[in-house]
Amino acid sequence: MSETLKRPAETYSPIYFLASLGAGGISVSFFMYLMFWVPHKDKPVPVFEDILTAFTGGSAALQSAIVVAWIGIALFTFLNLKSLLWNLGALARFKQTPAYEALRNSNAESTLLAMPLALAMTVNALFIVGLVFVPGLWSVVEYLFPLALIAFGAIAWIAFRTIGDFLGRVLSKGGVFDVTAHNSFAQLLPAFAVAMIAVGFSAPAAMSTNPATVTVSLVASTVLGIAAILYTLLAATSAVTSMLQHGTAREAAPTLMIIVPIVTVLSIMYLRQSHGLHTTFEVHGGNSETLFFLTQMLGIQVVFLALGLLVLRRQNYFADFVTGPKTSPGSYALVCPFVALSVMIHFFANKGLVAAGAVAKYGVAYWGVTGIALIAQLIAIVLVLRLNAQHFGTARAERSRVVPAE
């Protein structure tokens, strides 16, 4: 009897929204080239006109970097949108199945937060596309900020409604949450979603000159940022207890590194808020303080990245789920930590080391640190391309597939 040909992605899980998230994150990582290498006087971010000026009058190295950034942003934003639209359609169909009702009554209900997480990333990615490719956008940007706040408000409503359904169910009834299946950081996905929405809310604080817009941005991002931190602490603490008792769930082991992207987005939120407080309310902070803060945050990331890679290596995860015969939608959780580390190191090198005068920009030490960011970005790109080929490539004989436990 012939085997059924199918793609792994045809057995749907909301975790596939992480495919969209990862592609969007990579597009943001390419924007770091422009953010820190293209001069943008009197503006907090480079825009189309700044980039074009740098390209026409810059060195061959800068021109090459700009071309790579243009291509990377366009390509991975396209993949981000393509995956988001596929997921939205697949989720709509999935909601009509008994499997969806089973998910809503299990620990895995929290995976539904991958949808608002991906939506928030897409809004951020599209804003970057506007800055990079749309002439004259900065002249009307003050009109766009209220629209962005409304968009993130709508995404926040989706996220908190889903979180409310989940927490309302598990906290109001006893015995409905399987603690033995809580042996990973999968339950930090809601915190990640809220953190991503928070960093989106914080963007107008760094870029707007309207005090009312800046104030709304500061208040909303602070409230959501605090909620994300509290959720992270509570979910991580309880998960560690379960992992110590039962070991780490192998198929969900990549979630051990979810702390890395959470720390990156909350750190960017803090930097945006600090800039807004400085430019609008004249609250001044020193560059050395920023360097110290970023060093602390990077230290947290290194610890959890090392922990996650240690467990993944001991469990032989990559040999089975990335380069081997098995597939798991949870493998897409591998992408975000490397993207987040790349972005964080760019900020550490430029807003930390260079701004504080610790290293010279474009010196040997600078490129040594930046090189680590570029390597992390390359790893993320390879992972996305490999996982997309595994899960969304040509249909094949059905192989061993695992849906991560939550």
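Just so you know, all these numbers are worked out from the coordinates, no wet-lab data involved. This structure is a prediction, so every number in the text was calculated from the model and none was measured. Note that we place each Cβ from the backbone using ideal geometry, even for glycine, and neighbour counts take in every protein chain shown.
One table, with the values for the structure above:
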| quantity | calculated |
| --- | --- |
| Most mobile listed residue (E49, E282, E251) in the chain, GNM with C-alpha springs under 10 Å | E282 |
| Over the chain, relative contact order from alpha-carbon pairs under 8 Å, at least 6 apart, % | 23 percent |
| Tensor-based shape of region 207-264 (alpha-carbon gyration tensor, a/c under 1.5 rounded, otherwise prolate or oblate) | prolate |
| Calculated FRET efficiency for the pair A358/L307, C-beta based, R₀ 41 Å, to 0.05 | 0.90 |
| Relative contact order, percent, region 254-393 [alpha-carbon distance under 8 Å, six or more residues apart] | 33 percent |
| Net length gained if the chain between R104 and N287 were fully extended (0.36 nm per residue, minus Cα distance) | 61.2 nm |
| Proportion of all alpha-carbon pairs of region 13-80 beyond 18 Å (%) | 42 percent |
| Contour excess over end-to-end distance, with Cα ends at N316 and K173 and 0.36 nm allotted per residue | 47.7 nm |
| Net length gained if the chain between I71 and K43 were fully extended (0.36 nm per residue, minus Cα distance) | 7.7 nm |
| The chain: most fluctuating residue of S221, S267, S64 per GNM, C-alpha cutoff 10 Å | S64 |
| Kyte-Doolittle mean at least -0.5 and Cα axial length at least 15 Å: DSSP H helices in the chain | 17-37, 60-94, 114-133, 141-172, 189-207, 211-246, 259-281, 287-314, 335-347, 364-392 |
| Stokes-Einstein translational diffusion, region 5-397 - Kirkwood Rh over all Cα pairs, 1.306 mPa s, 10 °C, in µm²/s | 74 µm²/s |
| Cα gyration tensor category, rounded, prolate or oblate, for region 268-348 with a/c compared to 1.5 | prolate |
| Most fluctuating residue given options F281, F160, F293, as computed from a GNM of the chain linking Cα atoms under 10 Å | F281 |
| Overall form of region 91-136 per C-alpha gyration tensor (a/c, 1.5; a/b vs b/c) | prolate |
